[in-house]
Structure formats: structure tokens, C-alpha cells
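Here is the structure we will look at, set down as C-alpha cells.
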Amino acid sequence: MVVDKDFPDYIIQLRQLELADYEDLMGSMKKAYSSMGGGVWQKATINNLLQKFPEGQICILVNDKVVACALSLIVDYKKFGDKHTYEQITGNYTFNTHFSKGDVLYGIDIFVDPEYQGLRLGRRLYDARKQLCENLNLRAIVAGGRIPGYNDYHELMTPVEYIAKVKQKEIFDPILTFQISNDFHIRKILDNYLPYDNESKSYATLIEWLNVYYEDKPQLIGRSSVVRIGVVQWQMRNTASVDAMFDQIEFYVDAVSGYKSDFILFP
């Protein structure tokens, strides 16, 4: 808990979200998403998320009230790739896509109560996510970012042109401009990512922040995710020699493994 010298009237605390915060969370979310109908996460949904990945859910309290929040999952990114929708990445809002041994911290929501904008709360949340990504040794943070400013330009230019102008600082977008200033780069433009996001015309930017401290997890040489097992009922019979016995063994090994083996008998 800190008192920011730039904002002495506010006591600002960043911590993990708790289910007891739900009433504050709901009120702040309604105001943050008023332009999208004021939709909120249900309490049971937040509880499910907290059960799956409590350390990934971060909130900020100002004078003991939750006014900003960032929600995240860990995913095995290669299962989804760059072309996915919000429903797919969240498992149709069940969060069953969370995989603790995955390689990417995926941001599924971040918002700040409009009454508390200007306190640099969004930057604090992004910094906390980056710290979490580093602490968990995850390769990157990835998220689908809204581009609400596109609503004013969609009749004048394509999403590609709009994003280019935002990157060149010719146009200000309240979300994308902030993400770029926080060291995120754009991997791809996603169509129909959030079908109900009318301000963004259902488009989103697939953004990424790379963890430069990431250390690839060591893999055992020759490790395979598939193990083939062969069972042979050995016929009780005499063999002419030890070499003949090993010829039979080699035959069965080759049959199970699918390739020619070099079976060597050491004296």
C-alpha cells in the first residue's frame, strides 16, 4: 500500500483479486464498459477464474475500493496460434484453456474505472503483469486489444490503415496508443474477435510483449510425447545360437518401433 507523491489524496494498493472484491469490481466494470452495454463478469465466473489461476488476477484499490483490474490465463499458445477468437481462447468463457505448464500469459481483460483515470493505474496493471510473466518464466504476454477509436474512422480507412496511423501517432486510440507506449507490438489484426464490439467494428489487434528473461525449459534428448509398447508371447523353443535369438528380438523391436534398428550384442 502506497501513497503516490503525485497523488497525495489517494492511497493506492495493488494486490491479487479476491472474491470479496466482487461488488466493487462489478461497479467499476459497469462504468468502464458503459459504451459496450455495461456488461460485467458474473460472480460465479470470477470465482471460477480465481480457483484456476488466483495469482493471475490483479486488482488496484484506491482508498480501499477496487477501481481497476487485470484478468489473465496461462495458455499453451501453439494450440491456438495467431488466428483465434476471444471465445476460443477462453474456452467459451469457461477458462478451461488455462494450462499451468503453458508458455504464454494471455490477458483476457483489463479495465480502469473512468472516474480514476489519470492515476496511471493502467500502467501499474501492465507492469504487474510483466512482473508475473517474468516470475513464472513465461515466454510472452499476448492479448487481443480493442481499437475503439476506429469507430470514428471506419468509413475513411481500413483497420490496417488505422493501426498504421496510430503507430505513427497521427491518430490517438485510447487503448492501442497506451499498449504501444507500454512496449507491446502488434502481431496481427484479428477479425470477428469480439463480435459485439461495435466501437472496434469487431476487429482487434493481437498484441505481444516478449519476456527477455525467459529461459526455455530443458528437454530430454530424444524425448517423445508418444510411447509405443509391444508385447510378444515368446514361443518356448530352442534356438540355434545366441545370435539367432537376438535376430528374433531385433525383428520384434523393428516391428514395434517402425524403423530398422541397429541391435548390437556386446560380448
Next on the checklist: Quick check on my filter: what residues within the stretch 171-194 are closer than 21 Å to ARG139 by Cβ and either crowded, with 20+ Cβ neighbours inside 10 Å or among the hydrophobic types (A, V, I, L, M, F, W, C) (or both)?
Outcome noted: GLN179, ILE180, PHE184, ILE186, LEU190
Item to check | Candidates THR177, THR97 - the one that is of a type in the set (Val, Ile, Thr) and touching a Gly at 6+ places or on another chain (Cβ under 7 Å) | outcome: THR97
Item to check | Residue list for the stretch 47-74, restricted to those being closer than 13 Å to THR90 by Cβ and β-branched (Val, Ile, Thr) | outcome: ILE74
Next on the checklist: Between ALA143, ALA128, which is modelled with pLDDT of 95 or more and in contact with a Gly (Cβ under 6 Å, 6 or more places away or on another chain)?
Outcome noted: ALA143
Next on the checklist: Any residue in the stretch 37-64 that is basic (Lys, Arg) sitting within a Cβ distance under 6 Å of a residue that is surrounded by 13 or more Cβ atoms within 10 Å (Cβ to Cβ)? List the pairs, counting only those 6 or more apart or interchain.
Outcome noted: LYS43/TYR22; LYS52/PHE95; LYS52/HIS98
Checklist entry - In this structure, is ALA32 within 24 Å of the chain's Cα centre (by Cα), closer than 16 Å to ASP113 by Cα, modelled with pLDDT under 95 and small (Gly, Ala, Ser)? => result yes
Next on the checklist: I want to confirm something. Restricting to the stretch 195-212 and keeping residues that are closer than 12 Å to ALA143 by Cβ and among the hydrophobic types (A, V, I, L, M, F, W, C), which single residue is farthest from the chain's Cα centre (by Cα)?
Outcome noted: ALA204
Item to check | Residue that is surrounded by the most Cβ atoms within 10 Å (Cβ to Cβ), among those in the stretch 54-84 that are basic (Lys, Arg) and modelled with pLDDT of 95 or more | outcome: LYS65
Item to check | Counted residues, the stretch 150-170 - those being aliphatic (A, V, I, L, M) and loosely packed, with under 12 Cβ neighbours inside 10 Å | outcome: 2
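The values are calculated or read from the model by the stated rules, or taken from the named source; none is laboratory data. These figures come from a predicted structure and were not determined experimentally. Neighbour counts run over all protein chains shown; Cβ positions are idealised from the backbone, glycine included.
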